[in-house]
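The values are calculated or read from the model by the stated rules, or taken from the named source; none is laboratory data. In this text, all values refer to a predicted model and were calculated from it rather than measured experimentally. When we count neighbours, we look across all protein chains shown, and the Cβ atoms used for this are built from the backbone with ideal geometry, even at glycine.
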Amino acid sequence: MDTPYGSAPLPVWERPEPQPRAAPVPLSRAKIAAAAMRLADADGLDALSIRKIAKELGVGPMRLYDYVTNRSELLDLMVDAVYARIAEAELPAGWRATVLALVHRTREVALDHEWFADLLGGRPHLGPHALAVGEATAAALDRAPGIRDVDELQRALSALNAFLAGSLRREITERRTARSTGTDVARWQSANGPYLRRMLATGRYPTVARLVVEGAHLSPEETFRHNLEIVLDGIT
């Protein structure tokens, strides 16, 4: 297929949908992505395959290749479907309120689709909904005090995205670990408490002891909210 960029094929978002076929099960890229997301929500990305998605949809695997040429394109569609949910966030006035709304919405949706965090920080997300969220975030940050040029805007976006990816991965990893081991936080603390008290009593770890004894024990949501405010304060 000839394109304005030479012989490179069009990305999956710009290719037209295949012509409808006289088949018992109608397909579309949106329907395929939705089925893939249900499977990934249940069993993670490692369990995802074209064959399993086809079975979920009640079609033969080869039909799916009319819509996506490989697993990478499938992941692109899934990721952009997540961004479509993020883009639904109601954006208030003011640069800071806008950024807060978008980032908190991203966390909310990522906790619904934990596999999304596994795909953050790799190759850029370039689907139309991802670009819309990126535009809204960048435009808001561009209005922040202290952002004077495109280099400072780029650094601010990098800091915000690094915080978001790191925070989501940590929170989701902890949730997965708790599920896989059947251990909640209170039980883990009870099991490890005696050992930790013995180690802190040696006096070799005074700063860690202060953090454990005097530090605030916030929920994941409170921690996320507090640290996000610190990042935005640093940007300004």
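Go through the residues of segment 203-211 one by one and say whether even a single one is in the same structural domain as Leu91 (by TED's automatic domain parsing), modelled with pLDDT under 95 and surrounded by 14 or more Cβ atoms within 10 Å (Cβ to Cβ). The answer is yes; a qualifying residue exists. Residues of segment 102-125 that are buried (at least 17 other Cβ atoms within 10 Å of the Cβ), part of a loop (DSSP other than H, G, I, E, B) and among the charged types (D, E, K, R): Glu114 alone.
Do the conditions hold for Asn161, that is, is it part of a helix (DSSP H, G or I), in contact (Cβ under 8 Å) with a residue 60 or more places away in the chain and within 30 Å of Ala101 (Cα to Cα)? First the steps, then the outcome.
Working: part of a helix (DSSP H, G or I): yes; in contact (Cβ under 8 Å) with a residue 60 or more places away in the chain: no; within 30 Å of Ala101 (Cα to Cα): yes.
Criteria not met by Asn161.
Within segment 29-66, if we keep just the residues that are assigned to a loop (DSSP other than H, G, I, E, B) and within 24 Å of the chain's Cα centre (by Cα), the residue that is nearest to Arg179 (Cα to Cα) turns out to be Gly44.
Please go through (1) surrounded by 13 or more Cβ atoms within 10 Å (Cβ to Cβ); (2) modelled with pLDDT of 85 or more for Trp188 and return the number of the only condition it doesn't satisfy. Checking Trp188 against (1) surrounded by 13 or more Cβ atoms within 10 Å (Cβ to Cβ); (2) modelled with pLDDT of 85 or more, the one that fails is (2). Look through segment 83-93, keep the residues that are in contact with a Leu (Cβ under 9 Å, 6 or more places away or on another chain) and surrounded by fewer than 18 Cβ atoms within 10 Å (Cβ to Cβ), and return whichever of them is nearest to Glu171 (Cα to Cα). Ranking the qualifying residues of segment 83-93, first place goes to Leu91. Within the option set Ile172, Ile147, being under 20 Å from Asp46 (Cα atoms) and in the same structural domain as Arg225 (by TED's automatic domain parsing) holds for one residue only, Ile172.
For segment 216-236, the set of residues classified as surrounded by 10 or more Cβ atoms within 10 Å (Cβ to Cβ) and at pLDDT below 80 consists of Leu218 only.
Out of all the residues in segment 56-65, is one or more in contact (Cβ under 8 Å) with a residue 40 or more places away in the chain and in contact with a Leu (Cβ under 9 Å, 6 or more places away or on another chain)? The answer is yes; a qualifying residue exists. Given the condition out of contact with any Asp or Glu (no Cβ under 7 Å at 6 or more places or on another chain), closer than 21 Å to Leu10 by Cβ and crowded, with 21+ Cβ neighbours inside 10 Å, answer yes or no: does some residue in segment 53-65 qualify? Yes: segment 53-65 contains one or more residues that are out of contact with any Asp or Glu (no Cβ under 7 Å at 6 or more places or on another chain), closer than 21 Å to Leu10 by Cβ and crowded, with 21+ Cβ neighbours inside 10 Å.
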